[in-house]
1. Look through 428, 393, 438 and report the one residue that is modelled with pLDDT under 85, assigned by TED's automatic domain parsing to the domain that holds residue 311 and closer than 24 Å to residue 72 by Cα.
2. Does residue 208 meet the test of being at pLDDT 90 or above and farther than 14 Å from residue 76 by Cα?
3. Kindly provide the set of residues from region 84-104 that are out of contact with any strand residue (DSSP E or B) (no Cβ under 7 Å at 6 or more places or on another chain), of a type outside the set (Gly, Ala, Ser) and farther than 12 Å from residue 131 by Cα, ordered by number.
4. On the basis of being surrounded by fewer than 22 Cβ atoms within 10 Å (Cβ to Cβ), in contact with a Pro (Cβ under 8 Å, 6 or more places away or on another chain) and either polar (S, T, N, Q) or in contact (Cβ under 8 Å) with a residue 24 or more places away in the chain (or both), does residue 87 make the cut?
5. Among the residues of region 124-151, which ones are under 20 Å from residue 345 (Cα atoms), crowded, with 24+ Cβ neighbours inside 10 Å and among the polar types (S, T, N, Q)?
6. So for region 424-440 (the condition being closer than 18 Å to residue 131 by Cα, touching a helix residue (DSSP H, G or I) at 6+ places or on another chain (Cβ under 9 Å), in a helix (DSSP H, G or I) and in contact (Cβ under 8 Å) with a residue 24 or more places away in the chain), does at least one residue qualify?
7. Is it fair to say residue 104 is surrounded by fewer than 22 Cβ atoms within 10 Å (Cβ to Cβ) and either touching a residue at least 24 places away in the same chain (Cβ under 8 Å) or not assigned by TED's automatic domain parsing to the domain that holds residue 344 (or both)?
8. Within the bounds of region 239-261, is there any residue that is touching a Phe, Trp or Tyr at 6+ places or on another chain (Cβ under 7 Å), touching a residue at least 40 places away in the same chain (Cβ under 8 Å), of a type in the set (A, V, I, L, M, F, W, C) and not in a loop (DSSP other than H, G, I, E, B)?
Amino acid sequence: MSHTAIPEAGSRPGEAARPHAASTGTLLVLLTGIFITTLDFFIVNVAIPDIQADLGAGTTAIQWVVAGFGLALGGGLITGGRLGDLFGRRRMYALGLAVFTAASLACGVAPSPGTLIAARVVQGIAAALLMPQVLGIINAAFTGERRTRAFTAYGLALGLGGVFGQLIGGALIQADALGSGWRSIFLINVPVGAVTLALVRRTVPSQAAARNTRLDAAGTVLVTLGLVALVLPLIEGRRLGWPAWTWESLAAAAVLLAAFAVHQRRLDRRGGAPLVAPALFREPAFRVGSGLALVYTLAMASFFLYLALYLQQGRGLSALESGLLFVALGAGYLAASTRATAVAARLGRQVLALGALIQAAGCLLLMDALGHGIAWLIPGLALAGAGMGFVVAPLSALVLSGVTDRHAASASGVLATAQQVGNALGVAVVGIVFYGAAGGVPDAFRASLVPLIAFCAATAALAQLLPRR
């Protein structure tokens, strides 16, 4: 079946293929969306005690305030990416941003735990629609060195949203503007989202949507159910003691995702439009890079989570005080991210290996510093942050560089899904080590750094399988 490109509604003929229409304003609008959605994934952790006290939420409800967002995000990214390919990326980005902004308002005024959980799920769905479009638009709208710099800026925004989530959340709650307390971490998204949304049509060039192509409904159901069945037990399993249903869910996920892969190949052979084109995985950079992204992110969310627990429960710091220590991590990340493009131009794939090994060295320094004063943690945190910067900033460019415009958003959805699954799996695996360690929280954090170092070493090894340039 042929796929004829048509411009999005409201665009002029030929606008879809005008890379020069992209500007610095384009990038700022796109990166604002990716920053606030990434920030919301991490920022809620710092507000948990205040949410519990204000809404009278039990442990299970609080867990779902966190898990509902991640579950909806992980389950919807691939479908969100394909919707951008089919109906226009600018349109889907704007829709995702509008829904995310409205859901943030609903979170900020939620009168009960149930309402907050429902709004968080909607936030996750909106983020799944928004996030793949950013990489898809960058891949199509920018060319040459401008594309490389845009991908680096994307990695910078993504990392800073995670690194500074705790600091920003702690500062907002401490400020207690107009008595908003914990609600401010959601309400801040409303003016930011509204202003960004108003600028989308003016700054983001419209791109081609596919004509005479339907959404693969069967594939959508299979991959969504499969990803939910995979991510849900990873999020909830450790807390519940890995009951039988978690293992049954993981087994069902394997069956559903295998059925999805078979369905995609059959649909492709018949000339249909699969949700994920099998041709994507015949490109070595994408195939290996997606696996590398999954392995590397095993060490990302888990590091942030268990570091925060160590600082607050093991060293008795407040959320804001521990957030200030994350500045060291962020400084290292920022310094490395701004140099990542130049280093990648010289080293190619080895920039990922370099970053992973620097992060591993930072974890080793942290292990040695745990028995000393709090300031001793700063060098290890800065080094770990620098390692993250050398991996996250160039990763998207290295993985997506060979993907055609036609599949740009769906490829971005697959890459983002690999990262979300890696985050959930990392938290689960490292959590087994952290909570199973003998002794107190400092000993548990020291033990948790061992698998993180192993994940970084595996990332450096996988980088050797990527194309040289």
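1. None of the others qualify; the one that does is 428.
2. It is false that residue 208 is at pLDDT 90 or above and farther than 14 Å from residue 76 by Cα.
3. Across region 84-104, the qualifying residues are 91, 99, 101.
4. no
5. The one that is under 20 Å from residue 345 (Cα atoms), crowded, with 24+ Cβ neighbours inside 10 Å and among the polar types (S, T, N, Q): 139.
6. Yes, region 424-440 contains at least one residue that is closer than 18 Å to residue 131 by Cα, touching a helix residue (DSSP H, G or I) at 6+ places or on another chain (Cβ under 9 Å), in a helix (DSSP H, G or I) and in contact (Cβ under 8 Å) with a residue 24 or more places away in the chain.
7. No.
8. No, that holds for no residue.
The values are calculated or read from the model by the stated rules, or taken from the named source; none is laboratory data. This one's a predicted model, so the numbers in the text were calculated from it and none came from an experiment. All Cβ positions, glycine included, derive from the backbone under ideal geometry; neighbour counts span all protein chains shown.
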